[in-house]
Each structure stands twice: as C-alpha cells, then as structure tokens.
Amino acid sequence: AKGLLRKIGVGKKEKSKDKEADGYLDWSNGVDDFKSKDGGNHEMYYKKKGNDFQLYVASKNPKPILEKLEERKKISKESKDGNEEANIFTAQEYYNQKILKLENELNDLKGPENSSLADKRAKELRKARKKMVDLFERIRLDHNDRDEIPTVVIKKGKGHVIANPLTWLEGNFVGSDPGNASPPGWNYAQQLRVHSTDKDWVRGHLLSEKLHGPGEDWNLVPIRSGVNTRMETEIESKAKNAIKDKSVILSYETKVTEWWNGEHEDIQHFPKKWIVSMTYLKYENGKLEKDSTSENVPFSQGKIPMLGENPALYLNDIGGPTIKLMEPELNDVFIDDIRNAKNIGEIKGIEDLENKIENYLIAKNITRRYD
C-alpha cells in the first residue's frame, strides 16, 4: 500500500517535516505548492486519517479540501461574488467526480497483481491533482501570514456595506471611483444641480474607494459634498491610515438608518441618517476576534429640496463656500462655528443654531469672536 501511496504523490518541491505520525513522510514528494487568487501561499497534500489518506489544503488552518471549499463558498455567498461561487462549484465538482473516484479505485487496487492498473490510475491522479491546483489558484483563500489577509466586502442590502476583515490587501472587490455609475437618486441630484441653488452633490461611497470600495451603484448614494468631506475627515482617514500598517486588521461598516421621503419618488434614495463604525480585530487561533471597542460616527444630511426650492433654509447641509456665496458679509470665524454647531446635532432653527454655537464655545472655553 505504501508503494501505491507514493505513486499518487505529485511534488513541486520536496518537504521533510517530521509528520510520520499522520503519514506525511510517506508523501514527502506529494506536496503541491500554489498561490491562490488573492496572493496567498498554500499547500495541497495527503494526510493520513485512520487507514485512509485525505487530500488537505494547508494555510493558517489546514482543512480537508471539501471543507475548505465549503467555508469559502459561504463567504462568497455573503459577498454576492458570483464568479467566486462559480469557481468554487467547479472545484467541488471536479474533486467529487474525478479525484475522489481515482482515490477510491487506488484504495481497491492493492497487491502486486494490480500494479499495472494502479500505475495507470496513479498517473491519472497526478494529472488530476495538477488540475485541482489550477482550480484552487482561481479561488481566494486565507493566507499564511497576518499581513496577507485579504479584505472581504459584503453587500448587506440597500445602504448597508461591511468590510470584514478590512486590511491593506484588496479581496473580492477593487476600490474605484464612480465613473459612469448612476445610483438611485443620482438623476434627481443632477437636476438639482441645474435647476436649483442646491448644486453641491456627489456620489458618495458607503465604503471608500481607498478602503477597497468599488464605484458601483450599490456602494454609492447621493450626498452633499460637505457631508462627503466630513466622512473622509472624521473616520475614513483613520481607517486608511490604520491599514497602511500591513499587520492591522479592521472591521468597517456603513449603514443608512433612515432615508428621506418627499413628493418626488427619487428623494427616497437620499440618505437622511447613517452610522459608520470601525473596530480593530486580532487574529488568534485561526479566528478573527474583536480587539477594541468600536468607534461609531453618526452622519446626517438635511431635507432634500424639491426642484426650485431655496436650500438656504437647510443650515444642516450648508458649507462655508455656499454660505459665503449667499451671504457675502459672513466672516470665516462665524462659518466655522456653524460647522461646529452642525456637528453637535441637527439644527432646528435660528435660536437652536445660536444655542448650539454658544454651547460649543463654552465647551471649548472660547470667547465669542463676533457680534
């Protein structure tokens, strides 16, 4: 039987690890090294289990091939990656229909009287394992090193995107600008640009392109550019700087909690309130676990005007340049204080604006700098 097992091995490079207890030395020339689609280095080899040998894929946590494929299948379904699912299905079918069949035949071909047929089947299995390696090279797998864990982007539903884990390494999606994308509500935002004074609209990423967020409709929402800038400065930049360290692993989530309603049906696609969360993760014993408390940053944008309405009433969404354009006599210090008041919470009127500015100045121990 040992002779048959040696024949089945396909070795791209010799291994001499002392694993005699699980039959590894019988397969010292039976290790296939390969690189998965996301750049990780892996091994495929036979491991003894009882009286049988089982084909394993080794990375951080070595597992039988079918178990590994099923694990990756669940992840690809969550991230709605159709191409990845198709590649996994092809690999599963090939293993079940080709490799498993040859393994069973070889287990039955024991004894010198079957050596000729066994040699033939062993050669077929060598070729089949090479094919199996080719199929695995089309699939994303976990990596041998902490700094080689790829990002997994998950589409949870309208206005809800998660990157878990989020690392420096791109995974199932590649970050990109909006290009020609036209997310729901964008046509109306473009009409506002032309037919109202509320012109400052962008297609904002729920998951930033610098965090591997693609410029696709499901990851974009129409928001005012001032709010988009706040997202960048208040949390996105922290995540971007964090993952410059290749050992850092994050979980990052953007979730719209409320949408606007209006007379025009497209207004329902404009987010009213949303939360962006970031958590540091640690990798221990083959699992990712929470390493620190989450940072949750709320965002909002004010009422979406009907075409022709004057957005000057919506102080929640006016940035400095817009205010100065409409009210040239306002000074820069007052504009900054309005921005800070907006960060405290929704502005419900002029009196509320004055109170929020006053509270901000008191909290920061700042003397009012204008009349």
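The values are calculated or read from the model by the stated rules, or taken from the named source; none is laboratory data. Please read these numbers as outputs of a predicted model, since none were measured by experiment. In this analysis, Cβ positions are derived from the backbone assuming ideal geometry, glycine residues included, and neighbour counts consider all displayed protein chains. These accessible areas exclude ligands, DNA and RNA; they are computed on the full protein's heavy atoms, side chains included. Shrake-Rupley method; radii C 1.70, N 1.55, O 1.52, S 1.80 Å.
Structure above, values below:
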item	result
Integer Hz, Karplus 6.51/-1.76/1.60 couplings in order for the range 191-208, x for Gly and Pro	5, 4, 4, 8, 10, 9, 8, 8, 9, 8, 10, 9, 8, x, 6, 5, 10, 3
Sorted peptide list for 161-167, 82-88, criterion being average Cβ within 10 angstrom, highest first	161-167, 82-88
The range 339-356 and the range 86-127: distance between their alpha carbon centers, rounded to Å	72 Å
Debye log10 I(q)/I(0) for the range 150-205, one point scatterer per Cα, at q = 0.14, 0.23 Å⁻¹	-0.54, -0.95
Convex hull of the range 110-244 built on C-alpha atoms - directionally averaged projected area, nm²	12.6 nm²
Computed lengthening from Val174 to Lys158, 0.36 nm per intervening residue step minus Cα-Cα distance	3.8 nm
In the range 120-189, trypsin sites (Lys or Arg not before Pro) in a DSSP loop with at most 16 other beta-carbon atoms within 10 Å	Arg138, Lys158
Förster radius 51 Å - calculated FRET efficiency between Leu288 and Ser116 (Cβ-Cβ, nearest 0.05)	0.50
Label-to-label distance, nm, for residues given as Gln190 and Gln97 (7 Å Cα→Cβ offset)	4.5 nm
Per DSSP, loop GluC sites (Glu not before Pro) in the range 221-277 with at most 15 further Cβ within 10 Å	Glu263
Accessible area per residue, Å², the range 108-217 with all protein chains present, probe 1.4 Å	46 Å²
Residue-normalised accessible area of the range 219-271, given per residue in Å² at a 1.4 Å probe	44 Å²
Relative contact order (percent, whole number), the range 212-286, Cα cutoff 8 Å, 6+ residue spacing	30 percent
